[in-house]
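The values are calculated or read from the model by the stated rules, or taken from the named source; none is laboratory data. Bear in mind that the values here come from a model prediction, so they are computed numbers and not experimental data. Cβ atoms come from the backbone with ideal geometry, glycine included; neighbour counts cover every protein chain shown.
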Amino acid sequence: MYRIIILLFIVLPYGLKAQHKKLDAAIARHIDEAVEMRETIHANPELSNREFETAKMVASYLKKCGIEVQTQVAHTGVVGILKGKKDGPVVALRADMDALPIKEDTDLPFISTKKAKYNGKMVPVAHACGHDIHTSVLLGTAAVLADMRNELKGTVKFIFQPAEEGAPSGENGGAKMMIQEGVLEHPKPDVIFGLHTLPEMEVGKIGYVMGPGFAAVNSLNIKIKGLQAHGARPHQSVDPIVVASEVVLALQTIRSRQLNPTEASVITIGMIHGGVRRNIIPGEVDLKGTVRTYNPDLRKDIEHRIERLLKGITSAYGADYEMKFYYGSPALQNDIELTKQMIPTFERVLGEENAIEIPPTTASEDFARYAEKIPAIFYRLGTLKPGTVSGGLHATNFRADNSSVEVGIRTMSNLVMDYLEGR
Ligand SMILES: [Zn+2]
Ligand SMILES: [Zn+2]
């Protein structure tokens, strides 16, 4: 009996080490290809729901790796299924593929010079959110895990999602549509992992958040309806510009005076449009804004508070209003137990000092839709190479370094192997 236990102690760590070595060897075999794909995707960015060439490349690479492939999921989405030799849980991994209508301004030799139609106009397009990194990391991870299929104790589902940045107006898309089209069924994943570039963090580090990592996004449209008149005869008007000014200031008191200050939220009016001439008091003013929250109960609460202020202020001035409050992606909830379970993997792969707990961001991510359904970890990948400069996400000079691709593949593939081993 003792002998068996001692033998187990010797064999188990040896088995683990051998498996990690095999994984490292597979990563070494595929890393150049993954970086090459990153450069190709970066140089050929495509807008949301128009990821035709990217999807083609993804599907053909997955097939080359011997992975079962479904295409045209939620327009241009691609799903790959890799069954291990042994039975076990199902792990989903997600990457997003779309780029942004932004003119790139970086020193990368594979800089984008592409243009595409956006809202009826030709505009420059760039991967200014790092989705080229996410896609190539997941392709590299697929190649690595396909090499390891004889040792995989379960199934891996690779989700390549379109339109994370939002579908063009009048179209559906993104994570919500992927789920509607059954990406979380047949087989149903037990957990899902995803990553996002973090341009402020150096390559070699990752950041994880315990609990909500990204905020819920809500859109707000307000129309203030007054009465038009000559600019010199305000007594004949109900001036919606004055009413709107008061509304904008009053909305800020929701955050500062009405809500618990320890609970984070953002209310921003980003657009205000009214009037055509200096000497005409217009009949209407349009306001558009965004509301960000982490606590799901706060979304409805803020909606009611906005409407209460609007109602009170407009009626005090004899004006009227219309308001629409749209619920976008929910807050992205990282599963705390799962995160605790997988932190040792990050620490082993990158070194303890390089797996860092970071605060949440007020940006939003539609990965939250998957995290609503199954336990999830969405971690941030450091993409800043020391000595280079990068703007923030969605900036013209956002610059993610090629060297971050390997860190992404190493962390992703080790997360999968360790999770399937029950570690
Ligand atoms: Zn983005
Ligand atoms: Zn993004």
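Here are the numbers:
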| item | result |
| --- | --- |
| Within the stretch 348-397, tally of residues that are in contact with a Leu (Cβ under 8 Å, 6 or more places away or on another chain), assigned to a helix (DSSP H, G or I) and buried (at least 19 other Cβ atoms within 10 Å of the Cβ) | 3 |
| Matching residues, the stretch 115-142, being away from ligand 2 (no atom under 16 Å from the Cβ) and under 23 Å from VAL69 (Cβ atoms) | LEU139, GLY140, THR141, ALA142 |
| Unmet requirement for GLU200, which otherwise passes all of (1) in a strand (DSSP E or B); (2) not assigned by TED's automatic domain parsing to the domain that holds ARG348 | (2) |
| Residue in the stretch 87-99 that is within 16 Å of ligand 1 (Cβ to nearest atom), over 13 Å from MET178 (Cβ atoms) and either more than 17 Å from the chain's Cα centre (by Cα) or at pLDDT 95 or above (or both) present | yes |
| Pair list, Cβ under 6 Å, 6 or more apart: the stretch 51-64 residue in contact (Cβ under 8 Å) with a residue 60 or more places away in the chain, other residue not in a loop (DSSP other than H, G, I, E, B) | THR54/ILE41; ALA55/VAL78; VAL58/VAL78; VAL58/PHE160; TYR61/LEU139; LEU62/VAL69; LEU62/GLY80; LEU62/ALA142 |
| Residue match in the stretch 374-397 (condition: within 19 Å of GLN333 (Cα to Cα), out of contact with any strand residue (DSSP E or B) (no Cβ under 6 Å at 6 or more places or on another chain) and in the same structural domain as THR141 (by TED's automatic domain parsing)) | no |
| Subset of the stretch 155-175 that is within 19 Å of ALA368 (Cβ to Cβ) and more than 16 Å from ligand 2 (Cβ to nearest atom) - its residue that is surrounded by the fewest Cβ atoms within 10 Å (Cβ to Cβ) | ASN172 |
| Where a residue in the stretch 30-46 is within 21 Å of ILE102 (Cα to Cα) and its partner, wherever it lies, is β-branched (Val, Ile, Thr), with Cβ under 6 Å and at least six apart | ARG38/VAL405; ILE41/THR54; ILE41/THR135; PRO45/VAL125; GLU46/THR54 |
| Any pair with Cβ under 6 angstrom, 6 or more apart, that starts in the stretch 149-172 at a residue that is on the phi > 0 side of the Ramachandran plot and not assigned by TED's automatic domain parsing to the domain that holds ASN49 and ends at one that is aliphatic (A, V, I, L, M) and not in a loop (DSSP other than H, G, I, E, B) | none |
